[in-house]
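> Below you will find the structure I want to go over with you.
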Amino acid sequence: LTDQDYFKMCVKKTCWYTFITPCRIGLIVGHPSASGKDLVKQLAGVTRFGMILGIAFQIQDDLLNLQGEIETYGKEIGGDIYEGKRTLMLNHVLANSGKNAEKILEILALPREQKTPEQLEFIMEQMQRCGSIEHGWRVARSLAKKAEEIFDSLDFIRPSTPLRPEEQWVCPVHDGRFVKELINYVIYRNV
């Protein structure tokens, strides 16, 4: 499987329920026009933004599953390998580990309860040796940069907007800064 195969899986799963749909709903609810034809360009923009950011989010989640701290991450470290999930990093190690790819595939073919910590460690060592972890970081950062570029191109999002008299927030403005900050959070989070 390639990076593109992984991206397709992310778009069909994580991107839609975590980023694309919330962005689209926010745009539809917050847009002053009730006409769908007025939203076509904006919906396309937030959909692309959500898709790219969602893939970066999923890569970071997969990286945390490989390298996170159990206390903050809250899930089993290495669980994706035990489950045989085809993460970006696992696909990369399979494509770049030469003769060891066959051994990795044999381990992955085993039922979860038959996989050992030593086998997990072998796969992790191969990922380090092949640069698979660094590949994941590089792709996630690249996608986050692309998401930021897309966000900056969304000319309908105002940098800051004063609250209307009927609105009551702690802050006197509402704006796109919150969403833009999510871009960094997505790839630098530890949970």
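The values are calculated or read from the model by the stated rules, or taken from the named source; none is laboratory data. Model, not experiment: these values are computed from the prediction. All Cβ positions, even for glycine, are placed from backbone atoms using ideal geometry, and neighbour counts span all protein chains on display. Side chains are part of the model used for accessible areas, which takes the heavy atoms of the whole protein and leaves out ligands, DNA and RNA. Shrake-Rupley method; radii C 1.70, N 1.55, O 1.52, S 1.80 Å.
> Report, by residue number, each residue of segment 1-58 that is of a type in the set (K, R) and farther than 30 Å from N96 by Cβ. Can you show your working first?
Residues of segment 1-58 that are of a type in the set (K, R), as a first pass: 8, 12-13, 24, 37, 41, 48.
Across segment 1-58, the qualifying residues are R24, K37, K41.
> For E166, indicate whether it is in a helix (DSSP H, G or I), more than 22 Å from M9 (Cβ to Cβ) and more than 26 Å from the chain's Cα centre (by Cα).
On the way: in a helix (DSSP H, G or I): no; more than 22 Å from M9 (Cβ to Cβ): yes; more than 26 Å from the chain's Cα centre (by Cα): yes.
Taking the combined requirement at face value, the residue does not satisfy it.
> Continuing with this model, one more query. Take the residues of segment 149-181 that are open to solvent by 100 Å² or more (accessible area, probe 1.4 Å) and at pLDDT 80 or above: which is farthest from L27 (Cα to Cα)?
Among those that are open to solvent by 100 Å² or more (accessible area, probe 1.4 Å) and at pLDDT 80 or above, it is E181.
> On to the next question. Going through K8, K37, K13 one at a time, which residue ends up being basic (K, R) and more than 14 Å from the chain's Cα centre (by Cα)?
Working: K8 fails: more than 14 Å from the chain's Cα centre (by Cα); K13 fails: more than 14 Å from the chain's Cα centre (by Cα).
Being basic (K, R) and more than 14 Å from the chain's Cα centre (by Cα) holds for just one of K8, K37, K13, which is K37.
> Turning to a different aspect of this structure: Give me the residue from segment 85-103 that is within 19 Å of the chain's Cα centre (by Cα), in contact (Cβ under 8 Å) with a residue 24 or more places away in the chain and not in a helix (DSSP H, G or I) and, out of that set, nearest to R189 (Cα to Cα). Full working, then the answer.
Initially, segment 85-103 is screened for residues within 19 Å of the chain's Cα centre (by Cα), giving 85-92.
Narrowing further to those that are in contact (Cβ under 8 Å) with a residue 24 or more places away in the chain: 86-92.
Going one step further and asking which of them are not in a helix (DSSP H, G or I), we end up with 86-87.
Working: R86: 22, T87: 18 Å.
Checked segment 85-103; the qualifying residue nearest to R189 (Cα to Cα) is T87.
> Take I25 and decide whether it is free of Cβ contacts under 8 Å to residues at least 60 places away in the same chain and assigned to a loop (DSSP other than H, G, I, E, B).
Values: free of Cβ contacts under 8 Å to residues at least 60 places away in the same chain: yes; assigned to a loop (DSSP other than H, G, I, E, B): no.
For I25, the condition - free of Cβ contacts under 8 Å to residues at least 60 places away in the same chain and assigned to a loop (DSSP other than H, G, I, E, B) - is not met.
> Also, I was wondering about something else. When you look at Q58, is it more than 19 Å from V186 (Cα to Cα), in a helix (DSSP H, G or I), of a type in the set (S, T, N, Q) and open to solvent by 10 Å² or more (accessible area, probe 1.4 Å), yes or no? Break it down stepwise before answering.
Values: more than 19 Å from V186 (Cα to Cα): no; in a helix (DSSP H, G or I): yes; of a type in the set (S, T, N, Q): yes; open to solvent by 10 Å² or more (accessible area, probe 1.4 Å): yes.
Answer is no for this residue.
> Okay, next question. Does G74 qualify as being out of contact with any His (no Cβ under 8 Å at 6 or more places or on another chain), loosely packed, with under 13 Cβ neighbours inside 10 Å and farther than 30 Å from M127 by Cβ? Don't jump to the end; show me each part of the working.
On the way: out of contact with any His (no Cβ under 8 Å at 6 or more places or on another chain): yes; loosely packed, with under 13 Cβ neighbours inside 10 Å: yes; farther than 30 Å from M127 by Cβ: no.
In short, no.
> So, one more: Pull out all pairs, ordered by first then second residue, where Cβ-Cβ is under 9 Å, the residues are six or more apart or on different chains, the first lies in segment 144-166 and is free of Cβ contacts under 8 Å to residues at least 40 places away in the same chain, and the second is exposed (fewer than 11 other Cβ atoms within 10 Å of the Cβ) and among the hydrophobic types (A, V, I, L, M, F, W, C).
Partner pairs satisfying both residue conditions: L163/W169; L163/C171.
> A follow-up question, please. Somewhere in segment 70-79, is a residue hydroxyl-bearing (S, T, Y) and part of a helix (DSSP H, G or I)?
yes
> Just to be sure before I move on: is L108 open to solvent by less than 30 Å² (accessible area, probe 1.4 Å), within 19 Å of I133 (Cβ to Cβ) and over 19 Å from the mean Cα position of the chain (by Cα) in the structure I sent? It would help to see each step written out before you state the result.
Working: open to solvent by less than 30 Å² (accessible area, probe 1.4 Å): yes; within 19 Å of I133 (Cβ to Cβ): yes; over 19 Å from the mean Cα position of the chain (by Cα): yes.
In short, yes.
> I would also like to ask the following. Quick check on this structure: which one of V139, V40, V93, V29 is at pLDDT 95 or above and open to solvent by 10 Å² or more (accessible area, probe 1.4 Å)? Reasoning before the result, please.
Details: V40 fails: at pLDDT 95 or above; V93 fails: open to solvent by 10 Å² or more (accessible area, probe 1.4 Å); V29 fails: at pLDDT 95 or above.
Checking each option against the conditions leaves just V139.
> Now, a different point. Mind listing just one residue for me: the one in segment 1-36 that is aromatic (F, W, Y) and in contact with a Leu (Cβ under 9 Å, 6 or more places away or on another chain) and, of those, nearest to R48 (Cα to Cα)? Show your work before the answer.
We begin by selecting, within segment 1-36, every residue aromatic (F, W, Y); these are 6-7, 16-17, 19.
Remaining after also requiring in contact with a Leu (Cβ under 9 Å, 6 or more places away or on another chain): 6-7, 19.
Numbers: Y6: 17, F7: 13, F19: 10 Å.
For segment 1-36, the residue satisfying everything is F19.
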